[in-house]
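The values are calculated or read from the model by the stated rules, or taken from the named source; none is laboratory data. Keep in mind that what you see is a predicted model, and the values were worked out from it rather than measured. Note: ideal-geometry Cβ built from the backbone for every residue, glycine included; neighbour counts use all protein chains shown. Side chains are part of the model used for accessible areas, which takes the heavy atoms of the whole protein and leaves out ligands, DNA and RNA. Shrake-Rupley method; radii C 1.70, N 1.55, O 1.52, S 1.80 Å.
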Amino acid sequence: MAATSLNAPNAPLLQKTHQTHVFLKPISTIPCQTSAKRFSISCSATTQDRLSVQSQSQDRVFNFAAGPATLPENVLLKAQSELYNWHGSGMSVMEMSHRGKDFRSIIEKAEADLRSLLNIPENYAVLFLQGGATTQFAAVPLNLCAPGDSVDYLVTGSWGDKAFKEAKKYCNPKVIWSGKSENYVRVPSFDGLELNPNAKYLHICANETIYGVEFKDYPVPRNPNGVLVADMSSNFCSKPVDVTKFGLVYAGAQKNVGPSGVCIVIVRKDLLGNAQEITPVMLDYKILADNNSLYNTPPCYGIYMCGLVFEDLLKQGGLEEVEKKNQKKAGILYNAIDESKGFYRCPVEKSVRSLMNVPFTLEKSELGAEFLKEAEKEKMVQLKGHRSVGGMRASIYNAMPLAGVEKLVAFMKDFQAKHA
């Protein structure tokens, strides 16, 4: 490379960060290639920058955290290439006015791509909000029912239980089934559920992150005018879902589709406009929908990152292809557990085991600390189970590569050979 003055208008930007060298050069279009030693990234839209990253693969760990979780490497690299000057705008996305045309194009494309991924009909609103899924524990009853209305909660884990407890402040909820006495290891048969014929909605948590229990099918409210509501935080966009089966879906982004700070709500439009009088303005779905998620300043950079993830999922072939990859990864890990002759054990019923969160225990629980320590030495981190459950948990979201699961399985087999 010829020497260039750093004061020249088109001088390359050199950034050194932890054994990584980043060179940005003006260019209009660039191909998308990745390899263990060199990454080159192109943007779907015209860009003024070319990113060439020289890095060693050992700089990245396999992150099995439940959330915030690992993000696709190519998405991170594209965000890096666009960080300083987004598409020639002269500013970073973090600096943009949320009411300017640049950010409007970002949020509109993110919504359009999400609608394509999930085949979301036009009679549903898509909202990009703040406050995480936990805020929706209050927003759902505040928007969908009056203070005295009955609603049903089917509780298959800690998050469903927390949602029920929050709803008690705003309506008359009833737990129609809870797996707490069995330590949340299954989903009940829908045929035996005592559904309230007057319930305004039936609430489920589609995938319980802590216990690793996932709905493979969905119940139908008994009330013909009632709707199904689902917290899909930890399996959102991991597989195709028929959105029309639900009146409302909500999901924190930090598991599968972006960084922490964004909560996505998909709500049928005829359910808008009936919020209780005490509903705070920032929890009123109609106000938020009427303003296209821009009533106040939204989590702009987080929404931008979600948009990059949606674009990446579409490029993979959509959620049908993503689900196949997730099934393969989960199958490899569950098989290793089941074939360990009891050294490792997953307590969840096989028919409802999560494709996203795989909890397991060691037959010799005293080996837990050593397992975690040795795994970390092999650059596999965040495998410790939730503090309320213990044991181990491998969260293998969309962005966890097959190589990460294969490495974990090889490590588990080696660890068993040493300690069985």
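A single member of Pro188, Pro224 is part of a loop (DSSP other than H, G, I, E, B), closer than 27 Å to Glu122 by Cβ and of a type outside the set (Val, Ile, Thr), and it is Pro224. Taken over region 162-172, the residue count meeting the criterion of being surrounded by fewer than 22 Cβ atoms within 10 Å (Cβ to Cβ) and either within 20 Å of the chain's Cα centre (by Cα) or basic (Lys, Arg) (or both) is 4.
Within region 85-111, the set of residues being open to solvent by less than 50 Å² (accessible area, probe 1.4 Å), hydrophobic (A, V, I, L, M, F, W, C) and in a helix (DSSP H, G or I) comprises Trp86, Val93, Phe103, Ile106, Ile107, Ala110.
In the set Asp270, Asp284, only one residue is open to solvent by less than 60 Å² (accessible area, probe 1.4 Å), charged (D, E, K, R) and at pLDDT 95 or above; that residue is Asp284. Applying a threshold of 9 Å to beta carbon distances and a minimum spacing of six or more residues, or different chains, the list of pairs starting in region 343-355 at a residue that is open to solvent by 10 Å² or more (accessible area, probe 1.4 Å) and ending at one that is charged (D, E, K, R) and part of a strand (DSSP E or B) reads Cys346/Arg353; Val352/Glu214; Arg353/Glu214; Leu355/Glu214.
Can you name every residue in region 142-161 that is open to solvent by 10 Å² or more (accessible area, probe 1.4 Å) and modelled with pLDDT of 95 or more?
Just the residues of region 142-161 that are open to solvent by 10 Å² or more (accessible area, probe 1.4 Å), to begin with: 144, 146-150, 158-159, 161.
Matches in region 142-161: Leu144, Ala146, Pro147, Asp149, Ser150, Ser158, Trp159, Asp161.
Looking at Leu195, Leu127, just one residue is of a type outside the set (Gly, Ala, Ser), over 30 Å from Ala394 (Cβ atoms) and part of a strand (DSSP E or B), and that residue is Leu127. Per the listing Lys286, Lys325, Lys341, the residue uniquely at positive phi and charged (D, E, K, R) is Lys341. Contact map, region 114-130: first residue without any contact (Cβ under 8 Å) to a residue 24 or more places away in the chain, second residue open to solvent by 30 Å² or more (accessible area, probe 1.4 Å) and not in a loop (DSSP other than H, G, I, E, B), Cβ cut-off under 9 Å, separation 6 or more or different chains; pairs are Glu122/Arg115; Glu122/Lys269. Taken over region 369-400, residues that are touching a residue at least 24 places away in the same chain (Cβ under 8 Å) and either within 24 Å of the chain's Cα centre (by Cα) or open to solvent by less than 10 Å² (accessible area, probe 1.4 Å) (or both) amount to 22.
When you check Asp217 against the structure, is it among the acidic types (Asp, Glu), assigned by the TED database to the domain that holds Thr297, open to solvent by 10 Å² or more (accessible area, probe 1.4 Å) and farther than 29 Å from Arg345 by Cβ, yes or no? So Asp217 does not fit the description; no.
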